[in-house]
Amino acid sequence: MILGNGFTPYHCYYCSTRTIPDLCIFCLQDGTQGLLPGILQRFSTAAVAEEPISPPVQVNYTQLLIDGKFVDSASGKTFPTLDPRTGELIAHVAEGDAEDINRAVHAARKAFDEGPWPKMTAYERSRILLQFADLIEKHNDEIAALETWDNGKPYAQAANIEVPMVARLMRYYAGWADKIHGLVVPADGPHHVQVLHEPIGVAGQIIPWNFPLLMFAWKVGPALACGNTVVLKTAEQTPLSALFASKLLHEAGLPDGVVNVVSGFGPTAGAALASHMDVDKIAFTGSTDTGKVVLELAARSNLKSVTLELGGKSPFIIMDDADVDHAVELAHFALFFNQGQCCCAGSRTFVHERIYDEFVEKAKARALKRVVGDPFKNGVEQGPQIDDEQFNKILRYIKYGVDSGANLVTGGDRLGDKGYYIQPTIFSDVQDNMRIAQEEIFGPVQSILKFNDLNEVIKRANASQYGLAAGVFTNNLNTANTLTRALRVGTVWVNCFDVFDAAIPFGGYKQSGIGREKGIDSLKNYLQVKAVVTPIKNAAWL
């Protein structure tokens, strides 16, 4: 049997799940035990030296989407979106700026104040979101190919995990649309009191480049379920999939002006959206430094409400009772998934001193086995970094690690001479005061730290400006309970990592953000609460 994306499924050696090469997405093991035909078994220049595979998709949407129509930017400017496998042009995309944000906000405001969307029954809105999910599934392979081409992530990851997750998220929020309700509450006197939950209005949304389509769903889904209208700015590195998805939303029956998409740059389009006086709410995913700018712009304009999902430096804590082989595989996945370009990556791997040396050797062996290459190639685990800026930033951090005295176990350099490929890199003997242990690298660089005491590792794990997520690997329930309650982070994964579900809230403590995405908590970001109090005369009951 061949899957629709061209990948042959296998039964995982460990859990018997029908899966795809190389890493089982359910039990996170190398489920094929090295038996895959024709799959590269370690990183090498051979993996990236071949002629890039031609993506099986055409780029059809490169304009701005405003008021239901694809239009050029007001200035007529465009910018290039590049293939990270080669650094070569994919397409020229309309470059929106403040004038285009004004046009989009005007359309969204008109759609909210005068259009049918907030006045539709919740059931009607739900049906449109369900139809959109069906269209996402129908165009799964096209969308996945656009995401891989524009972003560099493995096609198998996009086609088999991320695009299906978008459909699942939309169905989840479609289910919420007609279940958002208020309350009638008793008062100390003859009054009838209603608590109403109303749509907040025009929501501005700014999404990142590492998971472009998933972040589109995380933000657009709850906003629409609650009856809002949207102006969304895509990341300049990855504008293509959101434009395609927005076209499908309109095919599903979304009224004009409800979702508007402006591609452009942060200092122009992004700043204009965050500071716009007619935007009622702003949601941003990206770096902590940029999040602070968004928060300031929102405050200085109309004090619009803000949701921020920001950076992380997540600890992954491996206790001495761990199955070392399983722990190595899980820690590898926690860090290297999505080329290490993940805000919640387990980028501080804390390993108990009793198993430290064994862990480091096995982690090295696993990194050497990691398959790096063209993300359209069958069996590739790691594609290129997003662009030259991120590529060079990661190489600088690797140099910081070497210069600070950390032990470079493996990797440490670019891979090949074309595109933005970096060798899977591991440092051991990492100390808490080193930059590679403190700052978000956002790349395939694993820092392994040693600890010897539970209280010690809790203190060290919490000694960070970030608090997005953490991983705990132990067979002791008491240890797990101690850690899950002591770690000051928004998500703790116990004996697993990067488990995302539509119903699981995601967000951070400290400088990792404000508010939560996904789950019931995400709806609160897009609702206003109104109390309505009416006197009652001759009440039969209160």
Residues of the stretch 110-130 being out of contact with any helix residue (DSSP H, G or I) (no Cβ under 7 Å at 6 or more places or on another chain) and surrounded by fewer than 20 Cβ atoms within 10 Å (Cβ to Cβ), in sequence order, are 110, 113, 114, 115, 116, 119, 120, 121, 123, 124, 127
Query - Selection status of residue 537, assigned to a strand (DSSP E or B) and touching a residue at least 12 places away in the same chain (Cβ under 8 Å) - result: no
Being outside the structural domain of residue 328 (by the TED database) and not in a loop (DSSP other than H, G, I, E, B) narrows 257, 270 down to just 270
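Within 22 Å of residue 240 (Cα to Cα), charged (D, E, K, R) and free of Cβ contacts under 8 Å to residues at least 40 places away in the same chain: which single residue out of 95, 99, 114, 124 fits that description? So that I can check it myself, show each step before the final result.
Values: 95 fails: free of Cβ contacts under 8 Å to residues at least 40 places away in the same chain; 114 fails: within 22 Å of residue 240 (Cα to Cα); 124 fails: within 22 Å of residue 240 (Cα to Cα).
Exactly one of 95, 99, 114, 124 is within 22 Å of residue 240 (Cα to Cα), charged (D, E, K, R) and free of Cβ contacts under 8 Å to residues at least 40 places away in the same chain, namely 99.
Condition check ((1) modelled with pLDDT of 95 or more; (2) over 24 Å from residue 277 (Cα atoms); (3) in contact with a Phe, Trp or Tyr (Cβ under 9 Å, 6 or more places away or on another chain); (4) open to solvent by 10 Å² or more (accessible area, probe 1.4 Å)) across all residues:
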{"site": "204", "(1), (2), (3), (4)": "yes, no, yes, no"}
{"site": "209", "(1), (2), (3), (4)": "yes, yes, no, yes"}
{"site": "228", "(1), (2), (3), (4)": "yes, no, yes, no"}
{"site": "240", "(1), (2), (3), (4)": "yes, yes, yes, no"}
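Give the number of residues within the stretch 484-513 that are of a type in the set (A, V, I, L, M), touching a residue at least 24 places away in the same chain (Cβ under 8 Å) and within 27 Å of residue 350 (Cβ to Cβ). Walk me through it before giving the result.
The first filter runs over the stretch 484-513 and keeps only residues of a type in the set (A, V, I, L, M), leaving 486-487, 489, 492, 494, 499, 502-504.
Next, from what is left, pick out any that are touching a residue at least 24 places away in the same chain (Cβ under 8 Å): 486-487, 489, 502-503.
From what's left, within 27 Å of residue 350 (Cβ to Cβ): 486-487, 489.
Going through the stretch 484-513 one residue at a time, the tally reaches 3.
Hey, among 380, 351, which residue is in a loop (DSSP other than H, G, I, E, B), among the β-branched types (Val, Ile, Thr) and surrounded by 23 or more Cβ atoms within 10 Å (Cβ to Cβ)? Write out each step before concluding.
Details: 351 fails: in a loop (DSSP other than H, G, I, E, B).
Result of the check over 380, 351: 380.
The values are calculated or read from the model by the stated rules, or taken from the named source; none is laboratory data. Keep in mind that what you see is a predicted model, and the values were worked out from it rather than measured. Methodologically, a virtual Cβ is constructed for each residue, glycine included, from the backbone with ideal geometry; neighbour enumeration extends over all protein chains shown. The accessibility values were calculated without ligands, DNA or RNA, using every heavy atom of the protein model including side chains. Shrake-Rupley method; radii C 1.70, N 1.55, O 1.52, S 1.80 Å.
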